[in-house]
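The values are calculated or read from the model by the stated rules, or taken from the named source; none is laboratory data. What you are looking at is a predicted structure, and each value in this text was computed from that prediction instead of being measured. A quick note on method: Cβ atoms are made from the backbone with ideal geometry, for glycine too, and the neighbour counts reach across all protein chains shown.
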There are 2 protein chains.
Amino acid sequence: MSLFRRVAVFGVGLIGGSVGSGLKERGLVDEVVGVGRRSESLEAARARGLIDSVSLDPAAAFRGADLVLLAAPVAPVVELLESGLAAVPGRLLVTDACSTKAAVLAAAGKLDPRHSFVGGHPIAGSEQRGSAAADPDLFRDRVTVLTPTRSTSADSLARVRELWAALGSRVVEMDPRVHDRILALTSHLPHLLSVFACLAAAPALEAAGRDFFGSGFRDISRLAAGSDEVWRDIFLTNRDNLVQDLETLVRLVSEWRSVLERGDAAAISAGLKEAALIRSRLLRKERGGASES
Amino acid sequence: MSLFRRVAVFGVGLIGGSVGSGLKERGLVDEVVGVGRRSESLEAARARGLIDSVSLDPAAAFRGADLVLLAAPVAPVVELLESGLAAVPGRLLVTDACSTKAAVLAAAGKLDPRHSFVGGHPIAGSEQRGSAAADPDLFRDRVTVLTPTRSTSADSLARVRELWAALGSRVVEMDPRVHDRILALTSHLPHLLSVFACLAAAPALEAAGRDFFGSGFRDISRLAAGSDEVWRDIFLTNRDNLVQDLETLVRLVSEWRSVLERGDAAAISAGLKEAALIRSRLLRKERGGASES
């Protein structure tokens, strides 16, 4: 039996496409409508069977949907929420998949009060772009954070929980500000470090060419290949936390600079061991098994 | 026909094991002797066919070798070179595979003048550890840097060139100080950024658990899982360059902090695009094809 009759997905990229295909492959939805700005990419997603129909008009596509998922970058999601969706009749249940939550929740306050909003963020697949990488199992064994507030109804929250649980995700609830603080450390600062690795190494690319970049550089720079539109919006809407984390980074740089200048082998060794231990604790029960590094 | 009769490999980890198996699989050597500090790991490498015989005594193992490859971390390699190898009879041809070259070349100046030394660094596989990951094709289509000096004979240089070329590597010659400058940007600073990502994120691991770390964090932290012994030595022996690169990092942090604080979307976007462009230039002709990201 279908969980949803008609789901409208605004932004059919990796996340939107994976939700569409995940719902369709599991027989959980009668129809998925993909909404976006470019008909070519929507048609490509339809051709791959990720969505059933396409629309360039959010208000028209959302009409009659029993769930609206906003899976675009933060800025267009905020813009859409700030429009209030007052032109869409009925009572919409709206959720999102944005990587920062405080700005999205603030914008959701502008929604016409007929509609309900539940903030969400599936923690999955940040370095890939586009619906070509969509995977119906992208969310399996991953965590999805929901950020209910005092104005969130229990029914709306339960319905959005059902969505992510049906896709195999473990759902946790969290204050939106706590979410943004944590994700700054686990995702947004790491992304910026990847960008710094690229920007700092540019002179070596000019001078020596790409043969001097090994597989380690390929790993550390992978995040920097992500969508600049998605990440610009994340950085802008989580900038207070990111600035705070840059202060932590400056402190680390200062400590390591001092350790290096005095050639303190024991301190270098201790820092490297600590970092490796943190990573091993992260990977202990990683999906994909022990062989993954 | 064999290229070498007897090759002694000091340090049978990823690099030493890959050279051993690469020479043996191609029929380029009559015997590979593995030399190290722990007989268990040497025996494991012999059991996998990477080497033919094992020794815990460098002087005994090097006797009669027509090539000695030092593939241990920098500190034990420097220590061995500083011993002069005066107790080993005959005229050894010694080369190394260390990731920094200035310190190794300085130590090689202490070698008994009967012996010849050619500094080398195959740029391959830095994030894996141990001979279990050895691959006879590890060096194929990769660059190996050789760092001849005024005291390097043309014959010795040609012989070490033959080694790496036979394993499929492209060989380039470079001043050791230029090598260390470039590798600081392409490998050593990126490694430290990976360490910083782990150290900065530790509070989030405590507070929220590993479910909040996505695949992007797994990529950026992979380098930090490397051997602390190998990397301690690299950092210590390339610390002047690394300190210089930390100054570049501080400048980048300061620029981005200012851009974030004033919410400059255009500048954020430009920086992200620039980093992505640098990465795409690196990967344009990457081994493994266009699908690799």
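Before we move on, is residue B:245 facing chain A (nearest Cβ under 7 Å) and modelled with pLDDT under 95?
On the way: facing chain A (nearest Cβ under 7 Å): yes; modelled with pLDDT under 95: no.
No; evaluated as a whole, the condition is false for this residue.
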### Query
Limited to the range B:3-19, what total is found for residues that are crowded, with 24+ Cβ neighbours inside 10 Å and outside any strand (DSSP E or B)?
9
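So if I check each of A:45, A:72, which one is within 23 Å of the chain's Cα centre (by Cα), under 26 Å from residue B:208 (Cβ atoms) and modelled with pLDDT of 95 or more?
A:72
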### Query
Of A:176, A:190, which residue is buried (at least 20 other Cβ atoms within 10 Å of the Cβ) and either of a type in the set (D, E, K, R) or at the interface with chain B (Cβ under 7 Å from one of its Cβ atoms) (or both)?
A:190
### Query
residue B:276 passes all but one of (1) facing chain A (nearest Cβ under 7 Å); (2) free of Cβ contacts under 8 Å to residues at least 24 places away in the same chain; (3) within 22 Å of residue A:253 (Cα to Cα); which number fails?
(3)
### Query
Hey, any hits in the range A:203-225 for a residue that's exposed (fewer than 14 other Cβ atoms within 10 Å of the Cβ), among the charged types (D, E, K, R) and in contact (Cβ under 8 Å) with a residue 60 or more places away in the chain?
no
### Task
Determine which single condition residue A:138 fails, assuming it passes every other condition in (1) more than 21 Å from residue A:230 (Cβ to Cβ); (2) within 13 Å of another protein chain (Cβ to nearest Cβ).
(1)
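Could you tell me whether any residue of the range B:219-228 is more than 7 Å from chain A (Cβ to nearest Cβ) and touching a Ser or Thr at 6+ places or on another chain (Cβ under 9 Å)? Give the steps one after another, and end with the answer.
Taking the range B:219-228 as the starting set, the residues that turn out to be more than 7 Å from chain A (Cβ to nearest Cβ) are B:226-227.
Okay, now just the ones that are also touching a Ser or Thr at 6+ places or on another chain (Cβ under 9 Å), so B:226.
Yes, the range B:219-228 contains at least one residue that is more than 7 Å from chain A (Cβ to nearest Cβ) and touching a Ser or Thr at 6+ places or on another chain (Cβ under 9 Å).
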### Summary
Every listed condition ((1) in contact with a strand residue (DSSP E or B) (Cβ under 6 Å, 6 or more places away or on another chain); (2) closer than 30 Å to residue A:239 by Cα) holds for residue A:38 save (1)
### Residues (facing another protein chain (nearest Cβ under 7 Å), part of a helix (DSSP H, G or I) and not β-branched (Val, Ile, Thr)) located in the range B:262-273
B:265, B:269, B:271, B:272, B:273
### Summary
Counting only residues that are buried (at least 19 other Cβ atoms within 10 Å of the Cβ) and assigned to a strand (DSSP E or B), the range A:20-53 contains a total of 5
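Table: residues versus (1) of a type in the set (D, E, K, R); (2) farther than 21 Å from residue B:246 by Cα; (3) within 14 Å of the chain's Cα centre (by Cα).
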| site | (1), (2), (3) |
| --- | --- |
| A:151 | no, yes, no |
| A:159 | yes, yes, no |
| A:208 | no, no, no |
| A:226 | no, yes, yes |
### Message
Test of understanding: among B:259, B:195, B:253, which residue is of a type in the set (Val, Ile, Thr), under 17 Å from residue A:198 (Cβ atoms) and within 7 Å of chain A (Cβ to nearest Cβ)?
### Response
B:253
### Task
With a cut-off of at least 2 residues that are at negative phi and acidic (Asp, Glu), name the helices (runs of 4 or more DSSP H) lying wholly within the range A:124-220.
A:154-166
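Which is crowded, with 21+ Cβ neighbours inside 10 Å and at pLDDT below 95, of B:126, B:99? Quick ask: steps written out before the conclusion?
Values: B:99 fails: at pLDDT below 95.
When all the criteria are applied, what remains is B:126.
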### Task
Provide a single number: the residues in the range A:104-130 that are more than 16 Å from residue A:169 (Cβ to Cβ), more than 14 Å from the chain's Cα centre (by Cα) and of a type outside the set (Asp, Glu).
12
### Residues of the range B:231-254 satisfying the condition of being surrounded by fewer than 23 Cβ atoms within 10 Å (Cβ to Cβ) and β-branched (Val, Ile, Thr)
B:243, B:248, B:250, B:253
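Away from chain A (no Cβ under 13 Å) and either touching a residue at least 60 places away in the same chain (Cβ under 8 Å) or surrounded by fewer than 18 Cβ atoms within 10 Å (Cβ to Cβ) (or both), is that true of residue B:116? Steps first, please.
Numbers: away from chain A (no Cβ under 13 Å): yes; either touching a residue at least 60 places away in the same chain (Cβ under 8 Å) or surrounded by fewer than 18 Cβ atoms within 10 Å (Cβ to Cβ) (or both): no.
In short, no.
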